[in-house]
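One structure is given below, encoded as structure tokens.
The values are calculated or read from the model by the stated rules, or taken from the named source; none is laboratory data. All figures in this text were calculated on a predicted structure; none of them were measured in a lab. Neighbour counts run over all protein chains shown; Cβ positions are idealised from the backbone, glycine included. Please note that ligands, DNA and RNA were not included when accessible areas were found on the heavy atoms of the full protein model with its side chains. Shrake-Rupley method; radii C 1.70, N 1.55, O 1.52, S 1.80 Å.
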Amino acid sequence: MLYPAEWQALLLTVKLALLSSFFLLLLTAPLAWWLSRGQSTGRNAINALLTLPLVLPPTVLGFYLVLLFSPDSWFSQLLRLAGIEALAFRFEGLVLASMLYSLPFVVQPLQQGFAQIAQELLDQNRALGANSWQLMAQLVWPLSRPALFSAFILSFAHTLGEFGIVLMIGGNIPGQTQLLSMLIYDQVESLNYARAHLLSGLLLLFSFSVLFWLYQQQQGQQQRGHK
Amino acid sequence: MRGLKLVFACFIFSGNAAASQLIAAASDLRLVLPLLLAQYQAETGVSIQPVFASSGKLSQQIQHGAPFFLFLAADPLYTNSLLQHCSAEQQCQTGVYGRGQLLLWYHSRFQTAEQALEQSQHIAIADPNHAPYGKAALAYLQQHQLWPELQPKIRRTDNAALVLHLLSTGQAGVGIVGHALLPESKLQQLLPKAQQQQLQLVQQLGRTEVVPAHLYPPIRHSWFYRAEQKHPSSVQPEVKAFLDWMLAPKQQQFWSDAGFKREHN
Amino acid sequence: MSLELKLNWSASSFSLQLDLQLTHHWIGVYGQSGSGKTTLLKAVAGLQPDAAEHCSFRGELWQQGQYQRSLSSRKALYLAPEALLMPHKTALQHLQLASSWSKSPEDTAQIIQDFELQPLLALYPSQLSSGQQQKLALAQALITRPRLLLLDEAVAHLDDQQKAAVLKQLKQYQQQQGFMLLWVSHQMEDLCLYCQEIVWLKQGQLQQQQQLWPQQQGQTFYAI
């Protein structure tokens, strides 16, 4: 049903979404934890910064990334010192861009999830004798799992729909940066409406299924919580 | 569940397909270049993949490090500027290989092209800022005696191929496109069925006229080639071989069917 | 001196100034709402460090200026009016976790029996009544053999009969384990029944500190 190039784009898209969501979760969880532990001017500033990708057009982010990734930029020169080739038009560059782009979709649910874990409850169990690892294993991890899960799914789904930034920094290179959204755009431009229909339908169905599943999961958790 | 995780892991750590034999091409070649590449593959067995965008965008991308070793542009402006940015070890070359033609398409509810320009609400052209066919189309409209009335009706699309999209969906009554996007029927027959149908739709919907060449500055198609040393050298001879093959007299018929005139220097 | 405490704290419309020396085992804290009882308890527990200037317990310095002894090494447990329980753990898991975290835990089976927790063990906090939750929190605290127990209306949701049974058990454990107990309650009768000393707060100041001699215990505090 799908041509090799389409399979390639589909797999690349899913791979990008999985990888960037995973790394994003790993990197932002400690930050979200800190943000959830109270309020301060510093926290507000960080929060505003992290929410920027939500309100800025992707072109702004794309523009800065184009400058940053270009071979002569200080960033690329720094990478070269570390033995890494310039990130422009490469899959690794897209991973980095998607992480920036999906940042608010991970930090917000994590922060809200973490905030549900009352400081009083942590203090109480610390006073009962639990050390930090025990608190992490018995309290923080089980109570924030739903939030981690929603954050991952949201970031995953959001990355599937990435287009504006990819258009600017990706270069539409098969196997490296040609994502499903780019391929659809390409097919429309080539007047290949049949393929564009098929791929769009596929993405639509997939995104709907993911979101539907997410809501089902959330409902399940709420019911379990009210036992 | 564990099996699923394993599949995910395998797939995440699988290597990226080598983005090897890539060439960048201006959007007006979107329909005909794949045909030429297929022909090349049939003759030599070498597969080359094209990446399309407007000439301006592609030259920007190449300047910012995009891995293209051959670039087919629709204006020497872009290839020359890339040549200027080349370092000695990159061994860059450029050349002009043909002259593109403008086609004026108008909806069949209009009697003539002139009437269509006068009465249509929208005139679709590619963005003159970075698409050479858009620049030529704008120049043609500017010399037209009705220019003041035409100017507010101009609708710009991101590149040449998208003009066709506006026309086939009926969003614009008049459009100016590169001839290569509406090639001779001999070439059209070679296209995938879906594309053929769309082109037929456009042709049934309206009429086309070749815009006289003296009414706009020449659209000179140029190529840009660089042999960068730090990349695997195996890639480049194949791209270079394709360039030589593409420029050979044997392919001249193809280019003229695709709507190009021979460039006389 | 068992517990020495100097509090100096002010919020927008409230200030708390206290200098207390407490020696008895079972101390009642009485006062109207907003008199600073909860702040007093939390400051001792180390949950409100900015309220205390100095705090030491049985010769061990708990707080002095910037110095703060860690919560886990104080072994002082504050039990809030609404029990703080883990929503995803059953009653039994609460007891088992407290037992595993403690270096010398009390016998869990004995506590379950003494506080009649057997029928609740498989239930989650959301399935318990607020009185049952308080009972569980108290049992959980006793498993860890605390040195200081700070009860903030922590048995108020129990009915009179159950409260009497729980307090009776608590008294026994207190005698066994030898912990000190600060008990905030609105019910003067309860305080007089169990406490050896009563601290009466009024608008953040010490109104009265009264020892109850054994013969006075069981009588109503005369100052009321």
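A compact table of results
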quantity: Residue within segment A:92-113 that is within 11 Å of another protein chain (Cβ to nearest Cβ) and either of a type in the set (Phe, Trp, Tyr) or assigned to a loop (DSSP other than H, G, I, E, B) (or both) present; calculated: no
quantity: Residue within segment C:39-46 that is of a type outside the set (Ser, Thr, Tyr), away from every other protein chain (no Cβ under 13 Å) and surrounded by fewer than 17 Cβ atoms within 10 Å (Cβ to Cβ) present; calculated: no
quantity: A:ILE117 vs. criteria part of a loop (DSSP other than H, G, I, E, B), exposed (fewer than 14 other Cβ atoms within 10 Å of the Cβ) and over 21 Å from the mean Cα position of the chain (by Cα); calculated: no
quantity: Hey, B:ALA137 outside the structural domain of B:LYS57 (by TED's automatic domain parsing) and surrounded by fewer than 24 Cβ atoms within 10 Å (Cβ to Cβ) or not; calculated: no
quantity: Sole exception among (1) without any contact (Cβ under 8 Å) to a residue 40 or more places away in the chain; (2) touching a strand residue (DSSP E or B) at 6+ places or on another chain (Cβ under 9 Å); (3) open to solvent by 50 Å² or more (accessible area, probe 1.4 Å) for C:SER126, by number; calculated: (2)
quantity: Residue count, segment C:59-105 (criterion: in a loop (DSSP other than H, G, I, E, B) and either under 14 Å from A:ALA130 (Cβ atoms) or open to solvent by less than 70 Å² (accessible area, probe 1.4 Å) (or both)); calculated: 17
quantity: Options C:THR23, C:THR108: the member that is surrounded by fewer than 21 Cβ atoms within 10 Å (Cβ to Cβ), of a type in the set (Ser, Thr, Tyr) and within 14 Å of another protein chain (Cβ to nearest Cβ); calculated: C:THR108
quantity: Matching option when the condition is open to solvent by less than 30 Å² (accessible area, probe 1.4 Å) and within 11 Å of chain A (Cβ to nearest Cβ), among B:PHE69, B:PHE52; calculated: B:PHE52
quantity: So A:LEU154, is it touching a Lys or Arg at 6+ places or on another chain (Cβ under 9 Å), in contact (Cβ under 8 Å) with a residue 24 or more places away in the chain and either charged (D, E, K, R) or part of a helix (DSSP H, G or I) (or both); calculated: no
quantity: Candidate set from segment A:120-131 (those that are among the polar types (S, T, N, Q) and open to solvent by less than 60 Å² (accessible area, probe 1.4 Å)); member that is nearest to the other protein chains (Cβ to nearest Cβ); calculated: A:GLN124
quantity: Of all residues in segment B:66-111 being of a type in the set (Gly, Ala, Ser) and in a helix (DSSP H, G or I), the one that is modelled with the lowest pLDDT; calculated: B:ALA88
quantity: Pair list, Cβ < 8 Å and 6+ apart or interchain, from segment A:77-92 residues that are at pLDDT 85 or above to residues that are surrounded by 12 or more Cβ atoms within 10 Å (Cβ to Cβ) and assigned to a helix (DSSP H, G or I); calculated: A:PHE91/A:LEU12; A:PHE91/A:LEU16
quantity: From C:LEU181, C:LEU117, residue being within 14 Å of the chain's Cα centre (by Cα) and of a type in the set (A, V, I, L, M, F, W, C); calculated: C:LEU181
quantity: Meets criteria (assigned to a helix (DSSP H, G or I) and either of a type in the set (A, V, I, L, M, F, W, C) or modelled with pLDDT of 90 or more (or both)) for B:GLU114; calculated: yes
quantity: Scan of segment B:170-228 for residues that are of a type in the set (Gly, Ala, Ser) and open to solvent by less than 70 Å² (accessible area, probe 1.4 Å), ordered by number; calculated: B:GLY170, B:ALA172, B:GLY173, B:GLY175, B:GLY178, B:ALA180, B:ALA194, B:GLY206, B:ALA213, B:SER222, B:ALA227
quantity: A:LEU204 vs. criteria more than 7 Å from every other protein chain (Cβ to nearest Cβ) and touching a residue at least 12 places away in the same chain (Cβ under 8 Å); calculated: no
quantity: One residue from A:LEU50, A:LEU87 being in a helix (DSSP H, G or I) and not basic (Lys, Arg); calculated: A:LEU50
quantity: Failed item, numbered, when A:PHE156 is tested on (1) within 14 Å of chain B (Cβ to nearest Cβ); (2) open to solvent by 20 Å² or more (accessible area, probe 1.4 Å); (3) aromatic (Phe, Trp, Tyr); calculated: (2)
quantity: Tally, over segment B:158-170, of residues that are outside any helix (DSSP H, G or I) and either within 13 Å of another protein chain (Cβ to nearest Cβ) or without any contact (Cβ under 8 Å) to a residue 12 or more places away in the chain (or both); calculated: 3
quantity: Residue pairs meeting the criteria (Cβ under 8 Å; at least 6 apart or on separate chains; first under 10 Å from B:GLN21 (Cβ atoms), in segment B:42-53; second of a type outside the set (D, E, K, R) and part of a loop (DSSP other than H, G, I, E, B)); calculated: B:VAL46/B:GLN21; B:SER47/B:GLN21; B:ILE48/B:GLN21; B:GLN49/A:PRO174; B:GLN49/B:GLN21
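Okay, residues lined up against (1) farther than 23 Å from A:GLY161 by Cα; (2) more than 14 Å from chain B (Cβ to nearest Cβ); (3) buried (at least 17 other Cβ atoms within 10 Å of the Cβ):
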position: A:PRO30; (1), (2), (3): yes, yes, no
position: A:TRP34; (1), (2), (3): yes, yes, no
position: A:ARG37; (1), (2), (3): yes, yes, no
position: A:SER40; (1), (2), (3): yes, yes, no
position: A:ALA45; (1), (2), (3): yes, yes, no
position: A:THR51; (1), (2), (3): no, yes, no
position: A:PRO58; (1), (2), (3): no, yes, yes
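Table: residues versus (1) over 28 Å from A:PHE91 (Cβ atoms); (2) surrounded by fewer than 21 Cβ atoms within 10 Å (Cβ to Cβ); (3) within 14 Å of chain B (Cβ to nearest Cβ); (4) modelled with pLDDT of 85 or more.
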{"residue": "A:TRP133", "(1), (2), (3), (4)": "yes, yes, no, yes"}
{"residue": "A:PRO142", "(1), (2), (3), (4)": "yes, yes, no, yes"}
{"residue": "A:LEU180", "(1), (2), (3), (4)": "no, no, no, yes"}
{"residue": "A:GLN219", "(1), (2), (3), (4)": "yes, yes, no, no"}
